[in-house]
Amino acid sequence: MEIKPIQKVHVGEQVFQQMKRMLILGEWMPGDKLPSENELASMFNVSRITVRQALQKLVALNLIETRLGEGSFVRTIEIEQTLDRLMPTMYLGEKTNIQVCEFRELMDVESARLAAKRRTEEDIERLNEIISEMKKAEKIKDSNEFARLDLEFHFEIGRITGNPLIIKTNDILKDILEVSMADVINRMGYKTAIDYHSRILEAVKRQDSVQAMDLMREHIEKNMDYFRENP
């Protein structure tokens, strides 16, 4: 990768940004030892102090680690750790039901498509169990339990995808989504959710990814339409 000339304004930030970009682009791979401070200072034509400041920022981001007497090394980044650091910001500010539905549409529609392609017989059994429990909760009008199971159905669809980003994001946002789901059930009732979940399950069971995706989108958009009409 070509090293860009460093301008004299905010030199330390420029070094940090270039080094971060090199890590992201794979110029330095996990496990690689970075050049020494002297070598980096020469590469960027800056002082060792400036290089050290940039390295400290990269350490703070968990992109590299410094080993005493050995130098700096590129860390292996775990998806879960990265998402965990984002968790506090996801809870800031009030979330409207429309915003939550928009997020769910982005996540759940694609999850339904992937789940239909990747599901196992055990997955189908688990989805069936959740719907059966939802019907029991409906009979006794337990809206809190129904809302929990409703969300569990969507999370199970996400789990079936096998994608750790989808699974972890759902887990991080569980509390926000539970509050919204409870409001959906209290205002819209039980029947719509059971009807759509049953149809989505059948599409997933047939491995009809297009139908599963279309039904999930229709399901969530129906919720959004309701909240637009009944703010």
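The values are calculated or read from the model by the stated rules, or taken from the named source; none is laboratory data. Since the structure is predicted, the reported quantities are computational estimates derived from the model, not experimental observations. Cβ coordinates were reconstructed from backbone atoms using ideal geometry, including for glycine residues, and neighbour counts include every protein chain displayed.
Please tell me if LYS174 is more than 23 Å from the chain's Cα centre (by Cα), surrounded by fewer than 18 Cβ atoms within 10 Å (Cβ to Cβ) and assigned by TED's automatic domain parsing to the domain that holds ILE98. No: the conditions fail for LYS174. Looking across THR169, THR192, one residue alone is among the hydroxyl-bearing types (Ser, Thr, Tyr), under 17 Å from ALA147 (Cα atoms), at pLDDT below 95 and touching a helix residue (DSSP H, G or I) at 6+ places or on another chain (Cβ under 7 Å). It is THR192. Taking TYR226, is it farther than 23 Å from ILE124 by Cα and surrounded by 15 or more Cβ atoms within 10 Å (Cβ to Cβ)? Against the criterion (farther than 23 Å from ILE124 by Cα and surrounded by 15 or more Cβ atoms within 10 Å (Cβ to Cβ)), TYR226 qualifies.
Just to verify a result, which residue in the stretch 146-158, among those that are touching an Asp or Glu at 6+ places or on another chain (Cβ under 8 Å) and of a type in the set (D, E, K, R), is farthest from SER198 (Cα to Cα)? Across the stretch 146-158, the extreme among qualifying residues is ARG148. Within the stretch 23-41, track down each residue that is modelled with pLDDT of 90 or more, aliphatic (A, V, I, L, M) and part of a helix (DSSP H, G or I). Result: LEU40, ALA41. Within the option set ILE160, ILE131, being assigned to a helix (DSSP H, G or I), assigned by TED's automatic domain parsing to the domain that holds ASP214 and surrounded by fewer than 21 Cβ atoms within 10 Å (Cβ to Cβ) holds for one residue only, ILE131.
Of the helices (runs of 4 or more DSSP H) lying entirely inside the stretch 168-231, those containing at least 2 residues that are among the hydrophobic types (A, V, I, L, M, F, W, C), in contact with a Cys (Cβ under 6 Å, 6 or more places away or on another chain) and at negative phi span 209-229. In this structure, THR169 does satisfy being hydroxyl-bearing (Ser, Thr, Tyr), buried (at least 17 other Cβ atoms within 10 Å of the Cβ) and in the same structural domain as ARG217 (by TED's automatic domain parsing).
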